[in-house]
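Have a look at the structure below before the remarks.
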Amino acid sequence: MTMLKPFEHQKTTTDFIVNNPRVLITSDPGTGKTRSVLDAYVQRPEGRMLVLAPLSILQASWGDDIEKFTPDLTYTVAFARNRAKAFQSDAQIIITNHDAVKWLVKNQDVLDGFDTLCIDEFTAFKNKDSQRSKAAHKIAQLFEYRIAMSGTPNSNTICDIWHPTLLVDDGQRLGHRFYTFRANVCTPVFNGFANEWKDKQDAELIVAAAIKDINIRYELEECLDMPEQSYNTIKTQLSDTMMQAYKELAEDNVLWTGEATINAVHAGALTKKLLQLCTGAVYNEDGDVVGFHKERYNLVMDLVEQRKHSLVAFNWTHERDYLIEQAEKRGIKYGVIDGSVSAKVRKDVVDRMQAGQLQVVFAHPQSAGHGLTMTTATSVIWCSPTYNAEHYQQFNRRIYRAGQTKRTQVIHIAAENTWETDVYVKLSGKLGRMENLLTILKSLNSMKEQAA
């Protein structure tokens, strides 16, 4: 089998990793960051490499890429059930999930002989106070070479990038103290209850200037001749009865459905309940589904029927169940990816979609938002919106990445005069700030290349 040659941007990224012991890679999803890391490791194989990645892509992305691009390297995937045995193996690369760092802190002796740490999707460690982040900080210091990757480095705030950078450079660039960093890049704004920290106008410039020497970034479009991707929103109308229920819940924080009483105890819970209501069901205090309507799923499945292959995002289990019900009723071949699906089944769903055997995959953005390639699909349909900008962008990139040869589209479903339309507006704002940082990093990267 002939080995595919790396793209020029992948070669440049590989050289950057080889020549720098601490690296942040912020290239877009779909640009082939994994291969660059593997090719660099081949050139510097003094010790073993530990890869921390989302559970969904341990084999589907890393394992498969090793077999495809660096077949002479040995690897093993360490799941919770076989973790100790995996680390006892002689494999050059151990691939495990982000939460494994808590186990590794208690079993640091298994890291003897490792000198390279690669963190895939470093935003998993953006919360400095989480047990996972604290554990990652402890074990990161055991590695001479450190690589951290994410195409969505500050999807919510510039502060998202502080702790991942600390893991890579021990605080040399953004400082050792989070609150000092936050004071430099954010401004406190009183919201009526407490201070919220808002990014300063020049926050991205401050951060980009500080990390430019360890950062490399490429946009997908500058690496590959990508076909166009379009975005559009299909607005729906809630029935008079549903709109009345929506307004009652919004105004009173409580709704009697005829079956149960739905309470929203604070603003965050109220927003969540209102968004659920738009999708046709609400969860009561016991976690049971109180159903209202299924009209939205007729619309989604009509869109699916009009396309050869689609990827549909859902946020709640009742959405998944309604979509499955509709697909089976219409005889549409489908697959499902969410937290209840094993890695083996997830890989089978992806393979079947890529082989053209499935017309649609119903997927939760958190479970199918990283590493997976489903370029046979040409449409992403958001059955309901997500507030998480990282999940949103990563999910859309499942079809818009290397290997895509056709025009693609992202379709938002949103009920008029509800929070759903506002969520997409807020999402655009979050992505705008992230794109500011990424644009500056790209500009600085280009200046480095020209200087070289």
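Just a few scattered comments:
- For residue 314, residues with placed amide H under 5 Å, excluding near neighbours: 363, 364
- Within the same chain, lysines fewer than 8 places from residue 329 are excluded, and of the rest, those with a Cα less than 22 Å from its Cα are 294, 308.
- FRET efficiency, 1/(1 + (r/R0)^6) with R0 22 Å, evaluated for residue 132 and residue 172 via beta carbons: 0.45
- Region 276-400 - accessible surface per residue (Å², probe 1.4 Å): 36 Å²
- Counted residue by residue at 0.36 nm each, then reduced by the alpha carbon distance between them, the extension gain from residue 112 to residue 235 reaches 38.6 nm.
- Low-density loop cleavage sites - GluC sites (Glu not before Pro) in region 37-130, where at most 16 other Cβ are within 10 Å (DSSP): 46
- For the chain, taking the reciprocal of the average inverse distance between every pair of different Cα atoms yields a Kirkwood hydrodynamic radius of 23.4 Å.
- The residues of region 41-152 expose, per residue, 41 Å² of accessible area to a 1.4 Å probe.
- Loop-resident sites, region 38-108, for chymotrypsin sites (Phe, Trp or Tyr not before Pro), counting at most 10 other Cβ within 10 Å (DSSP): none
- Reachable lysines, given that their alpha-carbon falls under 16 Å from the alpha-carbon of residue 198 and they are not under 8 places away in the same chain: 426, 430
- Simple spin-label estimate for residue 225 and residue 243 in nanometres, 7 Å along Cα-Cβ: 4.9 nm
- From the Kirkwood radius over Cα pairs of region 268-410, Stokes-Einstein at 4 °C and 1.567 mPa s returns a whole-number translational diffusion coefficient of 84 µm²/s.
- Annotation: extensible slack from residue 333 through residue 425 equals 29.8 nm (criterion: 0.36 nm per residue apart, minus Cα-Cα distance).
- Solvent-accessible area, 1.4 Å probe, carbon plus sulfur percent, for the chain: 49 percent
- For residue 138, the aspartates and glutamates whose Cα comes closer than 16 Å to its Cα, not counting residues fewer than 8 places off in the same chain, are 99, 109, 112, 115, 129, 169, 170.
- For region 221-227, 3J(HN,Hα) computed residue by residue from phi via the Karplus equation (6.51, -1.76, 1.60; θ = phi - 60°) reads 5, 7, 8, 10, 7, 8, x Hz, glycine and proline entered as x.
- If R0 equals 30 Å, the separation of the Cβ atoms of residue 46 and residue 352 corresponds to a calculated FRET efficiency of about 0.15.
- Percent of C-alpha pairs per 5 Å bin in region 125-211, short distances first: 3, 14, 24, 25, 17, 11, 5, 2, 1, 0.
- Computed about its Cα centre, the charge dipole of the chain is approximately 620 debye, with only Lys, Arg, Asp and Glu carrying charge at their Cβ.
The values are calculated or read from the model by the stated rules, or taken from the named source; none is laboratory data. All values derive from a computational prediction rather than experimental measurement. Glycine gets a Cβ as well: all are built from the backbone with ideal geometry, and neighbour counts include every protein chain shown. With ligands, DNA and RNA removed, areas are computed over all heavy atoms of the protein, side chains included. Shrake-Rupley method; radii C 1.70, N 1.55, O 1.52, S 1.80 Å.
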